[in-house]
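First the structure, in the form of structure tokens, and then the observations on it.
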Amino acid sequence: MHDFSYVKISRRNLLLAGAASMSSAAMPAGAAQGNAAAVQERPPSTAGVSMKVNGKAVTLQLDSRTTLLDALREHLRLTGTKKGCDQGQCGACTVIVDGRRINSCLSLAVMHEGAEVTTIEGLGSKDRMHPLQAAFVKHDGYQCGYCTPGQICSAVAVLDEIRQGVPSHASADIGARPLLSLEEIRERMSGNICRCGAYSNILDAIGEVAGISGGRA
């Protein structure tokens, strides 16, 4: 009789080994390898999407999983729109789609067939800046500048939202037209994070363009 006293195995490892052997026995020979090969050989699903970006018609053939953010940055080379958290938390990727601001990292490009997309490049240039771009420069509404494109795109949409009467959590009466106030602007801009902490200067810049006197709140 053989002596196996030198073999040491824990109860947990024994159970794991038993479960693995049962799984392999239950699976038809070659099935696992066949499934893995099928997954590897399957080509990615692609789709065509046409949209208007900064006033220019574009057509792209994309992997259907491509986000709008990656389509803009990697395929159209519009790198002004930034990839920050890539989870919809920081607002650095904010662009304006059909007049509404969105986090482009959370939206698939193929969802925007026929849409009009405006990025920071479409708002203005260094030679002909949008009023909000000029105000950010005047009030030093940035430090590192990484979040600035998203901040400005969001600010443009915020002022449009207020003009259109869209309420926010800061609106005292959601049935009434919201007031153009620093409180409204601060609440609506809360989804755009500035890790440098230039919030007060950002508020000053937006307030000036909105025509709100009295400086920061």
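The values are calculated or read from the model by the stated rules, or taken from the named source; none is laboratory data. Model, not experiment: these values are computed from the prediction. With ideal geometry, Cβ positions are generated from the backbone for all residues, glycine too; neighbour counts draw on all protein chains shown. To get the accessible areas, we keep the full protein, side chains included, count just its heavy atoms, and leave off ligands, DNA and RNA. Shrake-Rupley method; radii C 1.70, N 1.55, O 1.52, S 1.80 Å.
Scanning region 121-141 for residues that are part of a loop (DSSP other than H, G, I, E, B), without any contact (Cβ under 8 Å) to a residue 60 or more places away in the chain and open to solvent by 30 Å² or more (accessible area, probe 1.4 Å) turns up 125, 126, 127, 128, 129, 130.
Looking only at residues of region 202-217 that are open to solvent by 40 Å² or more (accessible area, probe 1.4 Å) and either modelled with pLDDT of 95 or more or not in a loop (DSSP other than H, G, I, E, B) (or both), we find that the one that is farthest from residue 82 (Cα to Cα) is 208.
Across region 173-190, the number of residues qualifying as open to solvent by 40 Å² or more (accessible area, probe 1.4 Å) and under 24 Å from residue 106 (Cα atoms) comes to 3. Which one is nearest to residue 197 (Cα to Cα), of the residues in region 114-166 that are small (Gly, Ala, Ser) and in contact with a strand residue (DSSP E or B) (Cβ under 7 Å, 6 or more places away or on another chain)? This residue is 150.
Can you confirm whether residue 163 is open to solvent by 40 Å² or more (accessible area, probe 1.4 Å) and either in contact with a His (Cβ under 7 Å, 6 or more places away or on another chain) or in a helix (DSSP H, G or I) (or both)?
Values: open to solvent by 40 Å² or more (accessible area, probe 1.4 Å): yes; either in contact with a His (Cβ under 7 Å, 6 or more places away or on another chain) or in a helix (DSSP H, G or I) (or both): yes.
Judged against the criteria, residue 163 is a match.
Taking region 104-120 as the range and being surrounded by 14 or more Cβ atoms within 10 Å (Cβ to Cβ) and without any contact (Cβ under 8 Å) to a residue 60 or more places away in the chain as the test, the residues that pass are 104, 105, 106, 107, 108, 120. Tell me, yes or no, whether region 75-98 has at least one residue that is among the β-branched types (Val, Ile, Thr), assigned to a loop (DSSP other than H, G, I, E, B), in contact with a helix residue (DSSP H, G or I) (Cβ under 6 Å, 6 or more places away or on another chain) and at negative phi. Yes, because at least one residue in region 75-98 is among the β-branched types (Val, Ile, Thr), assigned to a loop (DSSP other than H, G, I, E, B), in contact with a helix residue (DSSP H, G or I) (Cβ under 6 Å, 6 or more places away or on another chain) and at negative phi. Out of all the residues in region 156-174, is one or more modelled with pLDDT of 95 or more and of a type in the set (S, T, N, Q)? No: region 156-174 contains no residue that is modelled with pLDDT of 95 or more and of a type in the set (S, T, N, Q).
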